[in-house]
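All remarks here apply to the structure that follows.
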Amino acid sequence: MTTTLFRNVRLVDPAADIDGYLDVLVAEGKVRRVATHISPDEALRGPRRGGEGGCLTVVEGHGLWLWPGLVDVHVHFREPGFTEKETFRTGGMAAAAGGYTSVVCEPNTEPPIDSVEVARRLAEQAGHDSPVHVYFKAAMTRARQGRKPSDIRALSQEESIVALSDDGDPVPDEGLMGSICRAAAEMRMLLAPHCEDSQQALKALAAGAQAGFQRGEPYTNEAGYIERDLRLAAAAGCRIHLSHVSLARSLEAIERFKREAPNPAAATFEVTPHHLLLCAEDFPDGAPKVNPPLRSAEDRKALREALASGRVDAIASDHAPHTARDKATGASGLIGLETTLGLVLTHFVLPGEVSVSRAASLLSLSPARIFSLPAGTLKRGSPADMVLIDPSLEWRVEPDKFRSKSRNTPFAGWELRGGAVATYVRGQEVFCTPGLEERKETAAP
């Protein structure tokens, strides 16, 4: 195991209420000490400190930030079934390059993640192939068809499964969704529904499914699903996390619920960089296809105001890789693991709309807490899952340089400031930029 001493780094750890210049010692995969000054001699003392041979890597952190590793609770790694788009290995490499140390994959694979057997097989493969921690959402309904519940009791016992979702397909039938909420409450499972229209859901509603709200035009029903699912979850007593909220009306529905609910903390929601930064009016010749679609400028404004005022619980990328051929034929989705941190720093932190500590919470601590993951903090004894950030790094989004297999980003050519220069999982370096090597020294007793 590597032993590393980060010297004079700006440690930002909202869980520990720390934002200051400190030394951080990492050994045997954990944070061993945080102090104003730790000498190399001190770091090398003690049983097994420094590992075999007693060597220590010292990183000069002046001008750099050290955050808990980022946590993305909404990604698609496309395995099994669609490995031409992404794999655990390439998706994990993209995550590491973006500063992420933990991700939660959606269940829209082939076969879908709707059984213990599939989940176990994928968890084993991801553990072997990915440089970052990989968790899963299991399907709420069998085969993600929206007709019968999955075996929620069995799925709740799997360590790699941290939530239930049918991904881009909401459950159109109110009665079925209510029964899923009750089962989730009994097993203390988090629900993470996608309150969006999909072709499957629209067909079910046209065939007579009773949604429990008055339907609007296709791709406008997000707020209706949100109001219904919040009501059902509250009645059942289960926790619910709403994926990629995109409408001002949806924010209003969430605010109403939180004002009236006996336990408002049981309901959380995420937003995405593309809904925060883009809108349909930006693209007179046709917006990039994503679901939920890019909304109006007023919706974007409402999302940004919610972010600035502290009402947003988490930022997730909704990393949805596709081949160029798939996008050309109408596939919906955008990638974001390698751009999210830079976009947040450039457009929200540096202008002062979001504080550094708040950004670390939105991208790490809060999603870890919502999904009950062992991440999001660098307190002493915690796993050394970390990202080292250079806030002055100037770079251009160049899709051809992505670690991801896919290139379907709407931010190609954007000039950004701030990004990950190194990422560590259990203290092991899984991503590093060439410039950081100049800051490293090796110390020995």
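Of the candidates F402, F431, the single residue that is within 26 Å of K137 (Cβ to Cβ) and in contact with a strand residue (DSSP E or B) (Cβ under 7 Å, 6 or more places away or on another chain) is F431.
Residue count for segment 67-82 under the criterion of being on the phi < 0 side of the Ramachandran plot and either at pLDDT below 95 or surrounded by 24 or more Cβ atoms within 10 Å (Cβ to Cβ) (or both): the result is 11. Looking across segment 136-147, the residues that are at pLDDT below 95 and out of contact with any Pro (no Cβ under 7 Å at 6 or more places or on another chain) come down to Q145, R147.
Screening S179, S165 for residues that are within 16 Å of C105 (Cβ to Cβ), of a type in the set (G, A, S), in the same structural domain as E270 (by TED's automatic domain parsing) and at pLDDT 95 or above leaves exactly one candidate, S165.
For every residue, the table says whether it meets (1) closer than 30 Å to G127 by Cβ; (2) exposed (fewer than 14 other Cβ atoms within 10 Å of the Cβ).
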site: G376; (1), (2): yes, no
site: G381; (1), (2): yes, yes
site: P399; (1), (2): yes, no
site: R407; (1), (2): yes, no
site: G419; (1), (2): yes, no
site: A422; (1), (2): yes, no
site: L436; (1), (2): yes, no
site: A444; (1), (2): no, yes
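So, in segment 83-104, of the ones that are among the β-branched types (V, I, T) and within 24 Å of S372 (Cα to Cα), which residue ends up surrounded by the most Cβ atoms within 10 Å (Cβ to Cβ)? Going through the qualifying residues, I end up with V103.
Screening the candidates V116, V75, V132 for the property of being among the aliphatic types (A, V, I, L, M), more than 22 Å from P193 (Cα to Cα) and in contact with a helix residue (DSSP H, G or I) (Cβ under 8 Å, 6 or more places away or on another chain) yields one hit, V132. Residues that are surrounded by fewer than 16 Cβ atoms within 10 Å (Cβ to Cβ) and among the charged types (D, E, K, R) within segment 195-238 comprise K203, R215, E217, listed in sequence order.
Taking residues in segment 214-233 that are farther than 15 Å from A192 by Cβ, and partners anywhere that are at pLDDT below 95 and not in a loop (DSSP other than H, G, I, E, B), the pairs with Cβ atoms closer than 6 Å and at least 6 places apart or on different chains are P218/L202.
Out of the residues in segment 1-48 that are of a type in the set (G, A, S) and in contact with a Lys or Arg (Cβ under 8 Å, 6 or more places away or on another chain), state the one that is farthest from A375 (Cα to Cα).
Filtering segment 1-48 for residues that are of a type in the set (G, A, S) and in contact with a Lys or Arg (Cβ under 8 Å, 6 or more places away or on another chain), the one farthest from A375 (Cα to Cα) comes out as A43.
Only one of the numbered conditions (1) surrounded by fewer than 24 Cβ atoms within 10 Å (Cβ to Cβ); (2) farther than 21 Å from A143 by Cα; (3) touching a Phe, Trp or Tyr at 6+ places or on another chain (Cβ under 7 Å); (4) in the same structural domain as S361 (by TED's automatic domain parsing) is violated by G61, and that is (4).
S115 satisfies every condition listed in (1) outside the structural domain of S160 (by TED's automatic domain parsing); (2) without any contact (Cβ under 8 Å) to a residue 60 or more places away in the chain; (3) polar (S, T, N, Q); (4) in contact with a Ser or Thr (Cβ under 9 Å, 6 or more places away or on another chain) except (1).
Of these, V344, V349, V356, which one is of a type outside the set (K, R) and surrounded by 23 or more Cβ atoms within 10 Å (Cβ to Cβ)?
V344
Just wondering, is there one or more residues in segment 199-214 that are modelled with pLDDT of 95 or more, closer than 17 Å to P107 by Cβ, assigned to a helix (DSSP H, G or I) and assigned by TED's automatic domain parsing to the domain that holds P293? No: zero hits. Go through the residues of segment 276-285 one by one and say whether even a single one is within 30 Å of A236 (Cα to Cα) and of a type in the set (A, V, I, L, M). No, the conditions are met nowhere in segment 276-285. Can you confirm whether segment 258-271 contains a residue that is in contact with a helix residue (DSSP H, G or I) (Cβ under 6 Å, 6 or more places away or on another chain), within 17 Å of A163 (Cα to Cα) and hydroxyl-bearing (S, T, Y)? Yes, the conditions are met somewhere in segment 258-271.
For segment 111-150, name all the residues that are of a type in the set (D, E) and either within 22 Å of the chain's Cα centre (by Cα) or at positive phi (or both). Steps first, answer last, please.
So in segment 111-150, the residues of a type in the set (D, E) come out as 114, 117, 124, 129.
Those that are of a type in the set (D, E) and either within 22 Å of the chain's Cα centre (by Cα) or at positive phi (or both): D114, E124, D129.
Just one of (1) in contact with a Pro (Cβ under 7 Å, 6 or more places away or on another chain); (2) within 27 Å of S198 (Cα to Cα); (3) buried (at least 22 other Cβ atoms within 10 Å of the Cβ) fails for D169. It is (1). Does segment 255-271 include one or more residues that are in a loop (DSSP other than H, G, I, E, B), surrounded by fewer than 22 Cβ atoms within 10 Å (Cβ to Cβ) and not hydrophobic (A, V, I, L, M, F, W, C)? Checked segment 255-271: at least one residue is in a loop (DSSP other than H, G, I, E, B), surrounded by fewer than 22 Cβ atoms within 10 Å (Cβ to Cβ) and not hydrophobic (A, V, I, L, M, F, W, C).
The values are calculated or read from the model by the stated rules, or taken from the named source; none is laboratory data. All figures in this text were calculated on a predicted structure; none of them were measured in a lab. Glycine also receives a Cβ, built like all others from the backbone with ideal geometry; neighbour counts cover every protein chain displayed.
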